[in-house]
């Protein structure tokens, strides 16, 4: 790094005098043309290589976003202070978004999947745009085209895996889909490899470092947005309740922490977010745990929310009909001694999922906010207030879903660790692509195993 910062500058010579770089035409051991080219490359490296040594104060400020608050709201709230004006704008828009969310829930799981995909694309666009503006990537060849191409490739890979896992029966009836599923990973790799080669071919000498910065920026953005949204949809297939309780817990924590902080906040919580307070953090925690427990009780009563989402080819739609598992059936639990004396009862009836909801809401209120702190640090690093100005009073879509992505990963890990094992649909799909002789072999082995365990009656030989 010292050589990079001092390239072309004079250091102390052997005799104590500053040694100056050779001028054009005076280079020893080389001709005029070679030295001139070397100086030009050095100048280019100095101009575009200083990104390596920039500090936070060197990052250029992005122009503030335009205010998209509807004029009718501006006029209605014109007499209020900026603090209360922001309160009402955030409140009204929050209620509007929650109402739309309820409408989409009513429309079914497929619309929820489309909502998740739309949010993913918008979040990707907001983060990529920040990098595009901060690093002044206007002259980078093919940067935006390649960014969206990689988004398409990664989505093709992940959603192709989802189709293979949950639509095995439908896939078996379509020969073209069988080919795409069988060679899905190879096709995905070939598509990515084409984008990789396009990136290498687009490299330009004066933009080397900047192009690699943006290549890394794109891939980190893909890791944050696409993989997490894929996990959200995976959770949704386990049952809408695994989608709604975590997401609503994060929303509840955001709202209640803001309310407690607004009215009672006095003690700063973290320097990355000066407006966050301990009062808001603690108030949000208790409110979220109570909310999650009650929401789990209400949703556990309905098959629409607790049954896994399955695609039925006979009706050509997603269905949520099943016999609820023990997780969503009322059970009696003995109370601890100190609660027996307070409640004057020996047992209490509740759904086992309510116990799991405590773990989910605890994570949403204690660890989930760190996703917001991470986003705050990111915005401070690039001197921006919000990721975008999509939602008045809230900022961009990414400003509202920074904690949701962290929550999605936790829920997926929680389900695979404590709720279920291997996916039967995926095992079935793998069996169906085997040769008939192999399938028959597995059938005989499974039949023998079930017979020995007493699940199947032994076949009588005549």
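Just wondering, is there one or more residues in segment 337-351 that are assigned to a helix (DSSP H, G or I), surrounded by 14 or more Cβ atoms within 10 Å (Cβ to Cβ) and in contact (Cβ under 8 Å) with a residue 24 or more places away in the chain? Among the residues of segment 337-351, not one is assigned to a helix (DSSP H, G or I), surrounded by 14 or more Cβ atoms within 10 Å (Cβ to Cβ) and in contact (Cβ under 8 Å) with a residue 24 or more places away in the chain, which makes the answer no.
Among what's in segment 73-111 and is in a helix (DSSP H, G or I) and in contact with a strand residue (DSSP E or B) (Cβ under 7 Å, 6 or more places away or on another chain), pick the residue that is nearest to residue 244 (Cα to Cα). Filtering first and then ranking leaves 109.
Among the conditions (1) touching a helix residue (DSSP H, G or I) at 6+ places or on another chain (Cβ under 6 Å); (2) surrounded by fewer than 14 Cβ atoms within 10 Å (Cβ to Cβ), the only one that residue 253 does not satisfy is (2).
From 431, 406, which residue is part of a helix (DSSP H, G or I) and either assigned by TED's automatic domain parsing to the domain that holds residue 101 or closer than 21 Å to residue 116 by Cβ (or both)?
Details: 431 fails: either assigned by TED's automatic domain parsing to the domain that holds residue 101 or closer than 21 Å to residue 116 by Cβ (or both).
The unique qualifying residue is 406.
From 192, 156, 208, 213, grab the single residue that is under 22 Å from residue 409 (Cβ atoms) and assigned to a helix (DSSP H, G or I). So the residue among 192, 156, 208, 213 that is under 22 Å from residue 409 (Cβ atoms) and assigned to a helix (DSSP H, G or I) is 156. Restrict the check to segment 146-159 and report whether at least one residue is at pLDDT 80 or above and more than 18 Å from the chain's Cα centre (by Cα). Checked segment 146-159: at least one residue is at pLDDT 80 or above and more than 18 Å from the chain's Cα centre (by Cα).
Test residue 227 against the criterion of being within 23 Å of the chain's Cα centre (by Cα), surrounded by 21 or more Cβ atoms within 10 Å (Cβ to Cβ) and more than 27 Å from residue 293 (Cβ to Cβ), and give yes or no. Before you say what the answer is, go through the steps one by one.
Values: within 23 Å of the chain's Cα centre (by Cα): yes; surrounded by 21 or more Cβ atoms within 10 Å (Cβ to Cβ): no; more than 27 Å from residue 293 (Cβ to Cβ): yes.
Against the criterion (within 23 Å of the chain's Cα centre (by Cα), surrounded by 21 or more Cβ atoms within 10 Å (Cβ to Cβ) and more than 27 Å from residue 293 (Cβ to Cβ)), residue 227 does not qualify.
The values are calculated or read from the model by the stated rules, or taken from the named source; none is laboratory data. None of these values were measured; they are calculated from a predicted model. Please note: Cβ atoms are built from the backbone with ideal geometry, for glycine as well, and neighbour counts cover all protein chains shown.
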